[in-house]
Amino acid sequence: MPEIKIMPSILAADMGNLSGAALDSERAGADGLHIDVMDGHFVPNLSMGAGVVEALSRVTDIHMSVHLMITRPDRYADQFIKAGADTLLIHIESPCDVPGTLERIRDSGIRAGITLNPDTSITSIDKLLEANAVDEVLLMTVHPGFGGQDFINKVLSKMEDLRRLAPDLDISVDGGINIETAAQSAAHGANIFMAGSSLFSSPDMSSEIRKMRTAAAEAFRGCAA
Ligand code: DX5
Ligand code: ZN
C-alpha cells in the first residue's frame, strides 16, 4: 500500500534562511522537502534554481523532491540531478520530449515524476502509465506559480480516477494543502502531501505534520477499504 508522506514546500519558508527551514522540517518529522523551481515563463513567477538544491543537500539528508515548473525541463534536468535531487517532477504540459526526459531522470538513479495542472486530464499520461515510466504522479491542486492559493476541489475526482487506474502508484498533491484538504485528498486516493503555507505558518510544525499524517492515513485507509 502506498505510504503516507508529508513534504513541506519551502516556497513558503523564510527565503533568507532556507537551510534553517530544511533543518526545521527534518526535525519536525517531514518525509521530504518540496522545492519549487519556476522560470517566469512556464509560470508567471521566478523562484529558485539548482544552486539552492545543491546548498541544501550539503546541510541535510532529507529527501529532496524538486518540482520543475519550467518550459524546458529537458535542458535543466541534469543540473538538478547533479545538485542532489532525489525526486524530479516535470510537467506533462512542458513543450519538450517529456518521455525522454523522464527516462533520463530514471537512468540517473533518482525518482521520476510527472505533474499535471488542474485542468489537464489524466488521459494525457495514459501512455506513461502503461509504460510504467513514472514513480510518482503529482496532481496540482492550484494553478502553479504561487503559494497561498485555495485548493481546487474539482481535482478530487481526478485523484479518484487515477487511484483506480494505478492502485500502487505514489499520487501526490500540491497547492492549498492543510489538514482538512490533505484528508479530503487522501480519501480520494492521494498519499503524498506537499504543503507550504499551512506548515510554515504553523507555530508548531511538528504537531501540524503529525496531525496531517494521522488525518491523511485515516482517510486513505477509508478510501482503500
Ligand atoms: C505552487 C507550488 C506549490 C506551493 C504550495 O506553484 O508548486 O508547491 O509552494 O504552496 P501552498 O501550500 O501555500 O499552497
Ligand atoms: Zn510545487
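Could you tell me the ratio Rg/Rh of the chain? Both radii from Cα atoms, Rh via Kirkwood.
A ratio of 0.93.
Before rounding to the nearest 500, sum -39500 (n - 2.57) across all DSSP H runs of length at least 4 in the chain and divide by the residue total; then give [θ] at 222 nm in deg cm²/dmol.
Using -39500 (n - 2.57) per qualifying helix, the result is -11500 deg cm²/dmol.
Using modelled amide H (1.01 Å from N, peptide plane; none on Pro or chain starts), what sits under 5 Å from the amide H of A195, excluding residues fewer than 5 places away?
Hits under the 5 Å cutoff: M7, S9.
Can you give me the three principal axis dimensions of segment 80-206 from its C-alpha atoms, in Å, biggest first?
41, 34, 26
Answer with one residue from C223, I81, M159: the one whose Cα lies farthest towards the positive end of the charge dipole of the chain, charges on Cβ with Lys, Arg +1 and Asp, Glu -1.
Farthest towards the positive pole: C223.
Report, ordered by chain and residue number, the aspartates and glutamates lying within cross-link reach of K154, taken as a straight Cα distance under 12 Å and ignoring same-chain residues fewer than 8 apart.
Here the aspartates and glutamates satisfying the reach criterion relative to K154 are D119.
Would you please put 30-38, 191-199 in order of how densely packed they are, using the mean number of other Cβ atoms within 10 angstrom per residue and starting with the highest?
191-199, 30-38
Between E180 and D97, how many nm apart are label points set 7 Å from Cα along the C-beta direction?
4.7
Principal axis extents for segment 134-184, Cα atoms only, whole Å, descending order, please.
Computed over the Cα atoms, the extents are 30, 21, 17 Å.
Just the ratio, please: alpha-carbon radius of gyration of segment 172-225 over 2.2 N^0.38 Å, N its number of residues.
For segment 172-225, the normalised Cα radius of gyration comes out at 1.04.
With charges set only on the Cβ (+1 for Lys and Arg, -1 for Asp and Glu), what does the dipole of the chain come to about its Cα centre, in debye to the nearest 20? Display every interim value, and only then the final one.
Values: 18 positive and 31 negative charges, 29 e Å.
Around 140 debye, computed over the chain.
Read-outs throughout are calculated quantities, based only on the coordinates presented, and are distinct from any laboratory measurement. Just so we're clear, the structure is a prediction, and the values are computed from it rather than from any experiment. Glycine gets a Cβ as well: all are built from the backbone with ideal geometry, and neighbour counts include every protein chain shown.
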